[in-house]
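Engineer: Here it is: the structure, laid out below.
Rule-based calculations on the coordinates, nothing more; no lab input. All figures in this text were calculated on a predicted structure; none of them were measured in a lab. No Cβ is skipped: glycine too gets one built from the backbone with ideal geometry, and neighbour counts run over all protein chains shown.
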Amino acid sequence: MLAERTPDLALIDLGLPDGSGTRVIEVLASTAPDCQRVVTTIFADDVHLFPALRAGATGYLLKDQAPEQLARSLTGMLNGEPPLSPAIARRLLQTFAPVASEPGERLSPRERETLMLTAKGCRLHEVAEQLGVTRNTAAGYLKSVYRKLDVNSRAEATLEAVRRGLVGVAP
């Protein structure tokens, strides 16, 4: 269908039953760069948001908004306003805000390495092996990372690593 005509605006759901909305965005971004590619979805998490933006989405609207708000967002595009749901705009601002930490609370190079390896799915013994340290030393680095980032799990640490740009998100 896209080969036959180029839309000016595409409202794209990420959870398509027959394919990937992110893939549709990529195709439109390369074949129809002037097309406004606006995600309309129920997904407000980083796992969906950032891959869609990287693929070329020019907006991201949540379906749980009032229809009037959706209409205002789409109409605002005519005035150059980015079509972003308020919750998504807040999420983006939080993501790129400076990390609130005291200078002494910044991650050391070893802690950053530990965080990267943990975010990539390495187990504690693998982290220790990669860093060339004992398992206890690696555990100490990981505890320090958790404390400095104020997280309690590998999943939370991984999200923080993605937020800081230490590791990428697979599409």
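Engineer: For Ala87 and Asp34, compute 0.36 nm times the residue count separating them, minus their Cα-Cα distance, and round to one decimal in nm.
Structural biologist: Gain on stretching Ala87 to Asp34: 16.5 nm.
Engineer: Could you give the alpha-carbon Rg of region 9-96 over 2.2 N^0.38 Å, rounded to two decimals?
Structural biologist: Relative to the 2.2 N^0.38 Å estimate, region 9-96 comes out at 1.01.
Engineer: Given bins 10 angstrom wide, list per bin the percent of all Cα-Cα distances in region 103-163, short to long.
Structural biologist: In order of increasing distance, the bins hold 26, 60, 14 percent.
Engineer: Here's another thing I want to ask about it. Relative to the longest principal Cα axis of the chain, at what angle does helix 46-55 sit, 0 to 90 degrees, rounded to 10?
Structural biologist: That helix lies at roughly 60 degrees to the long axis.
Engineer: Skipping prolines and chain starts, which residues have an amide H placed within reach, meaning under 5 Å, of the one on Ile12, given they are 5 or more residues away or on another chain?
Structural biologist: For Ile12, the qualifying residues are Val38, Val39, Thr40.
Engineer: Could you go through region 118-125 in sequence order and give the Karplus-derived ³J(HN,Hα) for each residue, using 6.51 cos²θ - 1.76 cosθ + 1.60 with θ = phi - 60°, rounded to whole Hz, and x for Gly and Pro?
Structural biologist: 5, 5, 7, x, 5, 7, 4, 5
Engineer: Out of (i) 192; (ii) 114; (iii) 151, which label holds the value of volume of the Cα convex hull per residue in Å³ that was computed here?
Structural biologist: Given (i) 192; (ii) 114; (iii) 151, the structure-derived one carries the label (iii).
Engineer: If you add up the charges near Val127, with Lys and Arg at +1 and Asp and Glu at -1, over every other residue whose beta carbon is less than 13 angstrom from its beta carbon, what do you get?
Structural biologist: My count for the surroundings of Val127 gives +3.
Engineer: Relative contact order for the chain: what is it in percent, counting Cα pairs under 8 Å that are at least 6 residues apart?
Structural biologist: RCO, the chain: 16 percent.
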